[in-house]
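The values are calculated or read from the model by the stated rules, or taken from the named source; none is laboratory data. Just so you know, these numbers come straight off a predicted model, no measurement behind them. Backbone-built Cβ (ideal geometry, glycine too); neighbour counts: all protein chains shown. Surface areas here come from the heavy atoms of the whole protein model, side chains and all, with no ligands, DNA or RNA. Shrake-Rupley method; radii C 1.70, N 1.55, O 1.52, S 1.80 Å.
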Amino acid sequence: MVHLSHKFSTIPINFIPKQFSKHLPQQIPSQTTPPFIPFSQRQNQRSLLESQLISALNCCTSLPQIQQIHARILRKGFEQCCYVLTKLIRILTKMEIPMDSYAKLVFNQVENRNPFLCTALIRGYCLQGLVKESVLVYSEMRKKSVLPISFTFSALFKACGVVNDVDLGRQIHGQTILIGGFGFDLFVKNSLIEMYVKLGFLGCGRKVFDELPGRDLISWTELIVGYVKAGDMESAGELFSELPKKDMVAWTAMVTGYAQNAKPREALEFFQRMLNEGVETDEVTLVGVISACAQLGAAKYANWIRDIVENLGFSPTRCVVVGSALIDMYSKCGSVEDAYKAFKVMEEKNVFSYSSMIAGFAMHGYAYAALELFHEMVKIGIKPNKVTFIGVLTACSHSRMVEQGRQIFESMEEKFGISPGVDHYSCMVDLLGRAGCLEEALNLAETMPLEPNGGVWGALLGACRTYSNPDIAQIAANHLFELEPNAIGNYILLSNIYASAGRWNDVLMVRKMMREKGLRKNPGCSWLETKKGVIQEFFAGDMSHPRYGEMKQVLEDLLNRLKAIGYQPNMNSIAYDVSDEEKRRILITHSEKLALAFGLLDINADFPIRIMKNIRMCEDCHSFLCGVSQITRRVIIVRDNLRFHHFHDGKCSCGNFW
DNA sequence: TTAGGGTTAG
């Protein structure tokens, strides 16, 4: 003990770099000589102390607590004990305390490091994204002939995944084969598959899976997720069906996979199968299903999953991830009120919950609510991320709040240290464009520090349509035709802009381009959720519906009543050079009008009529629906390809600005 | 100690 005390005095606190020394215990161990105790008794005492220190470390929840126990470790003479110090480093890792500021100092004080201690530091560095440092520790341990353990490789592979370094991963993969037997370790094998999958080298992952002996449920699931992430649901499905014994995680990987790959119906089918087979579900499964329901956008599915979530006891109150998913779902299913209710009851809120709610408000045209929430989150110390700003800027954009938008855009870098990405520039071009500042929007697109993408030029083209500016439209469209040669919407927009300016020759030129490329117009389509919860589909100009006669009657009746209060069909919404009579006929059979007519016939007056639409609503339909909400006193909610419109009492929540 | 999770613009 005297010796140990002596050693303490040779590692004075002031040897530690100043900025880190605050982390280490300030208490210098006592130098008094303890009474003599026989050796065997000392050993027993030591192992008792050891387990006491370990349990004390396990109970730590804050840095000061750790420092207190660390002081005890030093006082009791355990500053060279790998077992105890490994635990200390693991706790520091768990609490996300920078490795360089504390764990490394602890590590450096140990002379004979065992594999566990080295691995704890490697893992700590790797989880903090400091791969170079973790590799250095690994080389050091190899130099000193400390044999790695499976966990060492697992940590290193994870690190390679974090920093996207497949070459390093391959090198370490080679080492697992060279250093006796690790190539056959299932734990190492699984980490290896995980790394290759994460880095997008699915083939290598598959090779490891096929060639190395032994595989377990985790190996299978890892590979399934690899296919899911690559968007190959077919291969994922094949592998899943070959999987001899499937557990909740494997099932969930499939459900979530379908949801993530824009196949919401398949996701729900899979979930139903999972329930039928009696597989347990947890909050992760539910999040996948909720996300699928959000994509379907129908209140029917929202209510269905709400009941399931409640019955399983996963309310938004207690589970922040389920809560955030629900906020998104309710917003996308047309009920921003339900979204806000879920948001309100959440006990824990994070950047996801706030961002989802902000995006929800923005989507429904509640710009002030979105901004208020943004300021609230900043005030209570939740740091916004890139996605948050997309929501906030969209809210400003859809409500013509140019100055606020500008200020927030500027604050991104200055105040929050987030450099704006292409998408944020795209929001700004949209903001300026929608407000009618087309020149400024064009200027921003042309001078922005990043390469503008389709989003940027598309926003500008959309604004040119609103403000009928064929000249700037042409510039934006030329960029778009290069970036997205097959996106039909751009050609249609440009042709509409030319049509409303009466430039019929240019319209023909755009039509010719479309013909040459073999592009065909995506027909306008609307969906309506009927009284019975069935989703009905309506195509523009389609007169084959069994109740078309009644629907036509409803529409004509509405048209006459609307004309009496000053409505006139907006012929500019038709980009064909045809007679006014023909234009009127085309207008009255736009898909949302057909859906509306059916909704008025089918849905009780107390309920809103909810319509979904695949493309942007035309000006005529928009003013028609405003008028209908006034004369019928009905609430009509339309979700177009971008956002929601709530028509009520002759007004729309978008303020005629969409 | 290893597998499945929520928010994104025209």
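General remarks:
- Note on segment A:462-500: residues that are over 26 Å from A:SER419 (Cβ atoms) and either near DNA strand B (Cβ under 7 Å from one of its atoms) or in contact with a Ser or Thr (Cβ under 6 Å, 6 or more places away or on another chain) (or both) amount to 4.
- Among residues that are at pLDDT 95 or above, away from DNA strand B (no atom under 11 Å from the Cβ) and buried (at least 24 other Cβ atoms within 10 Å of the Cβ), A:GLY405 is included.
- Just one of the numbered conditions (1) of a type outside the set (Lys, Arg); (2) under 29 Å from A:VAL197 (Cβ atoms); (3) surrounded by fewer than 20 Cβ atoms within 10 Å (Cβ to Cβ) is not true of A:GLN67: (2).
- The condition of being in contact with an Asp or Glu (Cβ under 7 Å, 6 or more places away or on another chain) and under 23 Å from A:ARG400 (Cα atoms) holds for only one of A:CYS654, A:CYS621, that being A:CYS621.
- Taken over segment A:503-520, the criterion of being part of a loop (DSSP other than H, G, I, E, B) and either surrounded by 12 or more Cβ atoms within 10 Å (Cβ to Cβ) or among the hydroxyl-bearing types (Ser, Thr, Tyr) (or both) is satisfied by A:ARG503, A:LYS517, A:LEU519.
Matching residues to (1) of a type outside the set (Phe, Trp, Tyr); (2) in the same structural domain as A:TYR102 (by TED's automatic domain parsing); (3) modelled with pLDDT under 90:
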{"residue": "A:VAL2", "(1), (2), (3)": "yes, yes, yes"}
{"residue": "A:PHE20", "(1), (2), (3)": "no, yes, yes"}
{"residue": "A:PHE36", "(1), (2), (3)": "no, yes, yes"}
{"residue": "A:SER47", "(1), (2), (3)": "yes, yes, yes"}
{"residue": "A:GLN68", "(1), (2), (3)": "yes, yes, no"}
{"residue": "A:ARG72", "(1), (2), (3)": "yes, yes, no"}
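- Top-ranked residue of segment A:597-609 - restricted to ones that are without any contact (Cβ under 8 Å) to a residue 60 or more places away in the chain and in a helix (DSSP H, G or I), ranked as farthest from A:HIS622 (Cα to Cα): A:LEU601
- Residue selected from segment A:546-570 under the condition over 18 Å from A:ARG634 (Cβ atoms), at pLDDT below 90 and surrounded by 14 or more Cβ atoms within 10 Å (Cβ to Cβ), by the criterion farthest from the chain's Cα centre (by Cα): A:PRO569
- The one condition in (1) within 30 Å of A:TRP304 (Cα to Cα); (2) outside any strand (DSSP E or B) that A:LEU528 fails to fulfil: (2)
- Take the conditions (1) at pLDDT 95 or above; (2) within 9 Å of DNA strand B (Cβ to nearest atom); (3) within 25 Å of A:SER191 (Cβ to Cβ); A:LYS229 misses just one of them, which is (1).
- Residue pairs whose Cβ atoms lie under 8 Å apart, separated by 6 or more positions or on different chains, with the first residue in segment A:471-491 and in contact (Cβ under 8 Å) with a residue 12 or more places away in the chain and the second surrounded by 14 or more Cβ atoms within 10 Å (Cβ to Cβ) and polar (S, T, N, Q), are A:ALA477/A:ASN490; A:LEU480/A:ASN490; A:PHE481/A:ASN490; A:LEU483/A:ASN453; A:GLU484/A:ASN490.
- Checking each residue in segment A:531-586 for being in contact (Cβ under 8 Å) with a residue 60 or more places away in the chain, within 30 Å of A:ASN303 (Cβ to Cβ) and assigned to a helix (DSSP H, G or I) picks out only A:LEU558.
- Cβ-Cβ distances below 9 Å connect the following pairs, each with a first residue in segment A:501-513 that is more than 15 Å from A:MET571 (Cα to Cα) and in contact (Cβ under 8 Å) with a residue 40 or more places away in the chain, a second residue that is assigned to a loop (DSSP other than H, G, I, E, B) and open to solvent by less than 60 Å² (accessible area, probe 1.4 Å), and a separation of six or more residues or different chains: A:VAL507/A:ALA575.
- A:HIS375 passes every criterion in (1) within 30 Å of A:ARG406 (Cα to Cα); (2) touching a residue at least 12 places away in the same chain (Cβ under 8 Å) apart from (2).
- If the condition is being in a helix (DSSP H, G or I) and either open to solvent by less than 10 Å² (accessible area, probe 1.4 Å) or within 21 Å of A:SER134 (Cβ to Cβ) (or both), then segment A:190-207 contributes A:ASN190, A:SER191, A:LEU192, A:ILE193, A:GLU194, A:MET195, A:TYR196, A:VAL197, A:LYS198, A:GLY205.
- Only one of the numbered conditions (1) at pLDDT 95 or above; (2) closer than 17 Å to A:ALA294 by Cα is violated by A:VAL351, and that is (2).
- Conditions (1) more than 29 Å from the chain's Cα centre (by Cα); (2) within 13 Å of DNA strand B (Cβ to nearest atom): number failed by A:ALA441: (1)
- Residue match in segment A:237-255 (condition: more than 10 Å from DNA strand B (Cβ to nearest atom), more than 27 Å from A:GLY214 (Cβ to Cβ) and buried (at least 23 other Cβ atoms within 10 Å of the Cβ)): no
- Residues in segment A:291-311 that are within 12 Å of DNA strand B (Cβ to nearest atom) and either surrounded by fewer than 17 Cβ atoms within 10 Å (Cβ to Cβ) or closer than 15 Å to A:ILE535 by Cβ (or both): A:ALA292, A:CYS293, A:GLN295, A:GLY297.
- Residue match in segment A:607-625 (condition: surrounded by fewer than 14 Cβ atoms within 10 Å (Cβ to Cβ), of a type in the set (D, E, K, R) and assigned by TED's automatic domain parsing to the domain that holds A:PHE647): no
- Test: residue in segment A:514-537 that is touching a Ser or Thr at 6+ places or on another chain (Cβ under 9 Å), modelled with pLDDT of 85 or more and more than 30 Å from A:CYS293 (Cα to Cα): yes
- Residues located in segment A:360-391, provided they are more than 17 Å from A:PHE409 (Cβ to Cβ) and within 8 Å of DNA strand B (Cβ to nearest atom): A:MET363
- Scan of segment A:162-189 for residues that are surrounded by fewer than 21 Cβ atoms within 10 Å (Cβ to Cβ), within 12 Å of DNA strand B (Cβ to nearest atom) and more than 19 Å from A:ALA120 (Cβ to Cβ), ordered by number: A:LEU186
- Residue list for segment A:409-440, restricted to those being without any contact (Cβ under 8 Å) to a residue 24 or more places away in the chain and touching a Leu at 6+ places or on another chain (Cβ under 7 Å): A:PHE409, A:GLU440
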